[in-house]
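Undergrad: Could you have a look at this structure, given as structure tokens, before my questions?
Values in this text are rule-based calculations from the coordinates and carry no lab data. Bear in mind the structure is a predicted one, so any value in this text is a computation, not a measurement. Ideal geometry is used to build each Cβ from the backbone, glycine not excepted, and the neighbour counts take in all protein chains shown.
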Amino acid sequence: MGKSTFITGAKHWDAITFNGHIMMDALAKHLLGLSTWGMTDVGEVLETYCHLKNGDEEVWIDEWRCLASRLKREAEEKEKKGYIASAASLYLRASVDFNAWEGYMGGGYPMGI
């Protein structure tokens, strides 16, 4: 039977990086962890990270704001059609994604929603 990587001294998961920017990497792990509770979607988080450039804060803001805005529009459409549970899920994910870029900037909405 093979040895566990934990026992053999393999790197811990916190050594995984997404783009080499310490804060953006930490937020990626945080956002992926929120998927357990339906607060994010793993595919959306990973796709957004594919669009980011190392340490480029403007791209960070734009990508998360665009995703959050799209989810908010989808939530509003579902709500108008009476799909309340679907709308609630989309609103939740949109709020987390709005916070991903707003929280990173340290408060306020510098580019507007």
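Undergrad: Six or more apart or on different chains, Cβ under 8 Å: which pairs go from a residue in region 35-60 that's closer than 17 Å to residue 93 by Cα to one that's part of a helix (DSSP H, G or I) and basic (Lys, Arg)? Could you list them?
TA: So the pair list comes out as 38/93; 39/93; 40/93; 41/93; 44/93.
Undergrad: Name every residue in region 64-93 that is part of a helix (DSSP H, G or I) and charged (D, E, K, R), in order of residue number.
TA: Across region 64-93, the qualifying residues are 65, 70, 72, 73, 74, 76, 77, 78, 79, 80, 93.
Undergrad: In addition: Name every residue in region 61-92 that is within 18 Å of residue 34 (Cα to Cα), touching a residue at least 12 places away in the same chain (Cβ under 8 Å) and among the hydroxyl-bearing types (Ser, Thr, Tyr), in order of residue number.
TA: Residues satisfying the conditions are 89, 91.
Undergrad: Next up: I'd like to know if region 10-21 contains one or more residues that are among the β-branched types (Val, Ile, Thr) and under 16 Å from residue 93 (Cα atoms).
TA: no
Undergrad: For region 16-34, name all the residues that are part of a helix (DSSP H, G or I), free of Cβ contacts under 8 Å to residues at least 24 places away in the same chain and not basic (Lys, Arg).
TA: The answer is 22, 25, 26, 28, 30, 32, 33.
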